[in-house]
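Structure first, commentary second.
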Amino acid sequence: MMVETGKSQQGTAIVTGASSGIGAVYANRLANRGFDLILVARRLDRLEAAADRIRGMSGRRVDIVAADLANEDGIRRVEEIVRDAPDLSLIANVAGAGALGPASLVDPAAVEAMLKVNVVALTRLSLAAARRFTSIKSGTIINIGSIVALMAAPGAGAYCGSKSYVLYFSRALQAEVGSHGVTVQVVMPGPVHSEFFGERPPPFPHE
């Protein structure tokens, strides 16, 4: 689904996890800065609502892709978009998952799905973007990590490990591609009041 507008001087940005939370904020702010957008998330209805809101707010072109980055088909589909989308200049890997609970009780299948999103999908999309951006000596890769990358939190061992991976993978990638005009940024937020915590999030401090 798309709306034709004038060509963006900023280029096109892909945002994963774009239907809510941090991803929705990135999508809004990138549109306000003049980027056309490709929004990726699992839920088509939420994507359509987000795209309509951003088009009305910014007048930018917004395409949507319903894809689950916890499965191979979803990852491959977005990889192809990273390779082929016209005028791509930025990707924000915001999609993330959590599988929290004591190691003796947490569902191994949930942990595997989390690692697929937090590690495998992020890595493959970053590498696809790095190959494209180094060839044109321009582009930005933003990877959303977490402050828990620097912690060993009981009940969140696999999640902490996945975010530690994001931190050090992103740093290494920046060291490799920085001399080719490509910027890699890793963002490490603390707790964010979002759907990540489910329907009953814990108390959050006032900002």
Checking Asp36 against (1) surrounded by fewer than 24 Cβ atoms within 10 Å (Cβ to Cβ); (2) closer than 26 Å to Arg131 by Cβ; (3) touching a Lys or Arg at 6+ places or on another chain (Cβ under 8 Å): exactly one of these is not met. Which one?
(1)
Could we say that Leu167 is more than 18 Å from the chain's Cα centre (by Cα) and free of Cβ contacts under 8 Å to residues at least 24 places away in the same chain here?
no
Could you count how many residues in segment 107-152 are free of Cβ contacts under 8 Å to residues at least 24 places away in the same chain and either surrounded by 18 or more Cβ atoms within 10 Å (Cβ to Cβ) or under 14 Å from Gln185 (Cβ atoms) (or both)?
1
Restricting attention to segment 139-183, which residues are hydroxyl-bearing (Ser, Thr, Tyr) and touching a strand residue (DSSP E or B) at 6+ places or on another chain (Cβ under 7 Å)?
Thr140, Ser170, Thr183
Which listed residue is closer than 20 Å to Phe133 by Cβ, of a type in the set (Gly, Ala, Ser) and buried (at least 18 other Cβ atoms within 10 Å of the Cβ), from Ala24, Ala95, Ala70, Ala41:
Ala95
Within segment 164-180, does at least one residue satisfy the condition of being part of a loop (DSSP other than H, G, I, E, B) and surrounded by 19 or more Cβ atoms within 10 Å (Cβ to Cβ)?
no
Kindly indicate which of Arg60, Arg55, Arg46, Arg83 is surrounded by 16 or more Cβ atoms within 10 Å (Cβ to Cβ), out of contact with any Leu (no Cβ under 7 Å at 6 or more places or on another chain) and over 30 Å from Pro108 (Cα atoms).
Arg55
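Coordinate-derived values only; no laboratory data. What you are looking at is a predicted structure, and each value in this text was computed from that prediction instead of being measured. Note: ideal-geometry Cβ built from the backbone for every residue, glycine included; neighbour counts use all protein chains shown.
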